[in-house]
Amino acid sequence: MRSHYCGQLNETMVDQTITLCGWVHRRRDHGGVIFLDMRDREGVAQVVVDPDTAEAFATADRARSEYVLRIQGRVRLRPEGTQNPGMPTGLIEVLAKDVEVLNSAATPPFQLDEHGKVGEEIRLKHRYIDLRRPEMIDKLRLRSRISHSVRGYLEAEGFLDIETPILTRATPEGARDYLVPSRTHAGSFFALPQSPQLFKQILMVSGFDRYYQIAKCFRDEDLRADRQPEFTQIDIEASFVEEQDIMSITEGMIRQLFSDVLNVDLPEFGRMPYSEAMNRFGSDKPDMRIPLELTDVDDLMKGVDFKVFSGPANAEDGRVAALKVKGGASLSRKEIDEYTKFVGIYGARGLAWIKVNDRSAGLEGLQSPIVKFMEGVIEELLDRVGAEDGDIIFFGADKANIVNEAIGALRVKLGEDLNLYTAEWAPLWVVDFPMFEHDGTRLQALHHPFTAPSCDLETLKANPEAALSRAYDMVLNGTELGGGSIRIHDQAMQQSVLELLGIGEEEANEKFGFLLDALQYGAPPHGGLAFGLDRLVMLMSGARTIREVIAFPKTQSAACLMTDAPGDVRPEQLKELNIRLRQKVKAEGDKEETAGH
Ligand code: ASP
């Protein structure tokens, strides 16, 4: 139907007769001449319809926003003075000879270039319109190029793309499962995979050696922050490998990807133990573009006459950390109050600070509500953080995890607010994670229960909390791009780790007996990693939320506004599935929701 995409036209085509198909982006009447900005996937071109071509003119006259038209005409240079160098097709226009309406359109719920005026809800409900926006098309195009680059790299490295089931059993990645009732096995349920973890390990036992999949994963989490109940992973596993092998393969993949798609040559990937990341940056995914660091000052604060500091400084699980911000003394009281509120989100009960106005003036040169308590230690404190005139020092004092979270987040926020970035891209490997963390009642796997420890079985059993794992995370600009590990391939070790996690033999057999069985039949040493594709695309496209890089995302409450899913089902369907609803809850508004079963 068409000879060219609208966005493909340029001055080399002057005098050619072309045919475009697309949508009316905008229509303007100018002293008897009609201008149509015609839009398709590739861009926008200006079409001029002259009254001389009476039939075309009449058709153009009744065309409205988002009508679908086919236009035949001749490319010509725009008259001097009307050119638009800011637009890829801005030097030319099409003089229409023939205009055909392929379809009309109801008045759209919002104008594409005025999408900011309507809330995200309206845009998600009419996603088909929202996806017409050039920015959305660009992001999904980038997403497609990213998957293409990744596939190309992995295929060239000998990885096989193998699909794993969607209807399966629970995979323990730490979230709630999405369950699917079975009709043929009354009372039984499938779980949607939280990741293909167990299947990819089984593929290694089967000898496939190198596997990858761009896989959908499902996690029914309380949707904090920027998460989606279904998301996409670039999932990778290989046999006869050690940490270094997986790290260099996947680093190569990300390097090639950035070069292919963004023309960026990523700097060297640093490597940092988890404990150092927590200590220096309060985070296991530190943003290395920001030149701010937490400094431990526990030893200095042990004896000060200020409970807020001396308490945590003396407590075993406490931490007092300082964060010096160069030039930060110019922050206003109001700004500091805002930061105090900000750290409150992370559980910090306050934000102490010292402004260094004039170091040579001793205490007099410092401005701070707490400096009076610091007399004996102030010089050493200032030296330790390297304070100079004009700096501000913030403090976190609490349980170590609260200090890390709060001051770690403050560090990132200050980096952003004060634009302290020293690089555009700062990749990093975080390694040497602890095997377990204690949640107060029992041990939990920091990665997942199939991750191998760095020590032998006896050492692990003797002191599980001190054990490190063979896990690694790739971090870019403060975002965890992916994480993985070398796995346990020895059945006895796997069973012991499950025991340490409080998963008894019976439960283990019921949940993943098939993996334990498989490990007995010649499981090779293996390991892998999974990247979050949505987050990767978001980072590479500069999008603000992952919803912007997913064609049909769900809302924060895990609903699809366009299809209105999840929805009610007919009573017969429930009966077939042997499900009886316990109660019908009349939700807010008039939409009925079901609860329980
Ligand atoms: N299955 C893990 C995850 O989804 C990744 C991996 O260990 O390969 O986080």
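The values are calculated or read from the model by the stated rules, or taken from the named source; none is laboratory data. None of the values given here were measured: they were computed from a predicted structure. Note: ideal-geometry Cβ built from the backbone for every residue, glycine included; neighbour counts use all protein chains shown. For the accessible areas, the whole protein counts, side chains as well, though only heavy atoms, and no ligand, DNA or RNA atoms are used. Shrake-Rupley method; radii C 1.70, N 1.55, O 1.52, S 1.80 Å.
Here is the figure for segment 525-577: residues that are under 18 Å from residue 133 (Cα atoms), touching a Leu at 6+ places or on another chain (Cβ under 7 Å), assigned to a helix (DSSP H, G or I) and not small (Gly, Ala, Ser) total 1.
Each residue in segment 8-22 was checked for being open to solvent by less than 80 Å² (accessible area, probe 1.4 Å) and in a strand (DSSP E or B), and 5 of them qualify. Of all residues being assigned to a helix (DSSP H, G or I) and touching a residue at least 40 places away in the same chain (Cβ under 8 Å) in segment 373-395, which is farthest from residue 347 (Cα to Cα)? Just the residue, please. That would be 380.
Being in contact with a strand residue (DSSP E or B) (Cβ under 9 Å, 6 or more places away or on another chain), outside any helix (DSSP H, G or I) and surrounded by 15 or more Cβ atoms within 10 Å (Cβ to Cβ) is a property that holds for residue 398.
Of all residues in segment 244-261, those being within 13 Å of the ligand (Cβ to nearest atom) and within 19 Å of residue 145 (Cα to Cα) number 1.
Consider segment 23-45 and keep the residues that are touching a Gly at 6+ places or on another chain (Cβ under 8 Å) and of a type outside the set (Asp, Glu). The one that is most open to solvent (accessible area, probe 1.4 Å) is 41. Is it the case that segment 525-545 has a residue that's open to solvent by 50 Å² or more (accessible area, probe 1.4 Å), of a type outside the set (Phe, Trp, Tyr) and without any contact (Cβ under 8 Å) to a residue 12 or more places away in the chain? Yes, segment 525-545 has at least one match.
Restricting segment 479-495 to residues that are outside any strand (DSSP E or B) and open to solvent by 10 Å² or more (accessible area, probe 1.4 Å) leaves a set whose member that is nearest to the ligand (Cβ to nearest atom) is 489. Screening segment 257-372 for strands (runs of 3 or more DSSP E) wholly inside it with 2 or more residues that are under 15 Å from residue 402 (Cβ atoms) and open to solvent by less than 40 Å² (accessible area, probe 1.4 Å) returns the ranges 318-325. Taking segment 401-420 as the range and being open to solvent by less than 10 Å² (accessible area, probe 1.4 Å), farther than 14 Å from residue 328 by Cα and among the aliphatic types (A, V, I, L, M) as the test, the residues that pass are 403, 406, 407. Candidates are the residues of segment 496-508 that are in contact with a Lys or Arg (Cβ under 8 Å, 6 or more places away or on another chain) and either assigned to a strand (DSSP E or B) or closer than 16 Å to residue 446 by Cβ (or both); the one that is farthest from the ligand (Cβ to nearest atom) is 502. Within segment 159-170, does at least one residue satisfy the condition of being touching a Ser or Thr at 6+ places or on another chain (Cβ under 7 Å) and surrounded by fewer than 17 Cβ atoms within 10 Å (Cβ to Cβ)? Taking every residue of segment 159-170 in turn, none turns out to be touching a Ser or Thr at 6+ places or on another chain (Cβ under 7 Å) and surrounded by fewer than 17 Cβ atoms within 10 Å (Cβ to Cβ). Here residue 115 meets the list (1) part of a loop (DSSP other than H, G, I, E, B); (2) buried (at least 16 other Cβ atoms within 10 Å of the Cβ); (3) touching an Asp or Glu at 6+ places or on another chain (Cβ under 8 Å) almost entirely, failing just condition (1). Taken over segment 555-565, the residue count meeting the criterion of being modelled with pLDDT under 95 and open to solvent by 40 Å² or more (accessible area, probe 1.4 Å) is 2.
Would a scan of segment 453-462 turn up a residue that is basic (Lys, Arg), at pLDDT 95 or above and more than 22 Å from the chain's Cα centre (by Cα)? Yes, segment 453-462 contains a residue that is basic (Lys, Arg), at pLDDT 95 or above and more than 22 Å from the chain's Cα centre (by Cα). With the structure loaded, tell me whether residue 66 is in a loop (DSSP other than H, G, I, E, B), without any contact (Cβ under 8 Å) to a residue 24 or more places away in the chain and out of contact with any Leu (no Cβ under 8 Å at 6 or more places or on another chain) or whether it fails that test. For residue 66, the condition - in a loop (DSSP other than H, G, I, E, B), without any contact (Cβ under 8 Å) to a residue 24 or more places away in the chain and out of contact with any Leu (no Cβ under 8 Å at 6 or more places or on another chain) - is not met. Of everything in segment 173-183 that is within 16 Å of the ligand (Cβ to nearest atom) and in contact with a Leu (Cβ under 9 Å, 6 or more places away or on another chain), the residue that is least open to solvent (accessible area, probe 1.4 Å) is 177. Every condition in (1) away from the ligand (no atom under 16 Å from the Cβ); (2) of a type in the set (D, E, K, R); (3) modelled with pLDDT of 95 or more; (4) surrounded by 14 or more Cβ atoms within 10 Å (Cβ to Cβ) holds for residue 568 except the one numbered (3). Taking segment 448-471 as the search range and keeping residues that are within 14 Å of the ligand (Cβ to nearest atom) and touching a Lys or Arg at 6+ places or on another chain (Cβ under 9 Å), which one is most open to solvent (accessible area, probe 1.4 Å)? The selected residue is 470. If you check 535, 544 for being over 16 Å from residue 491 (Cβ atoms) and within 16 Å of the ligand (Cβ to nearest atom), only one passes: 535.
Considering segment 421-444 alone, what residues qualify as being open to solvent by 60 Å² or more (accessible area, probe 1.4 Å) and not β-branched (Val, Ile, Thr)? Of everything in segment 421-444, those that are open to solvent by 60 Å² or more (accessible area, probe 1.4 Å) and not β-branched (Val, Ile, Thr) turn out to be 421, 424, 432, 437, 438, 439, 440, 442, 444. Is it the case, given these coordinates, that residue 286 is in contact with a Ser or Thr (Cβ under 9 Å, 6 or more places away or on another chain) and within 26 Å of residue 414 (Cβ to Cβ)? Answer is no for this residue.
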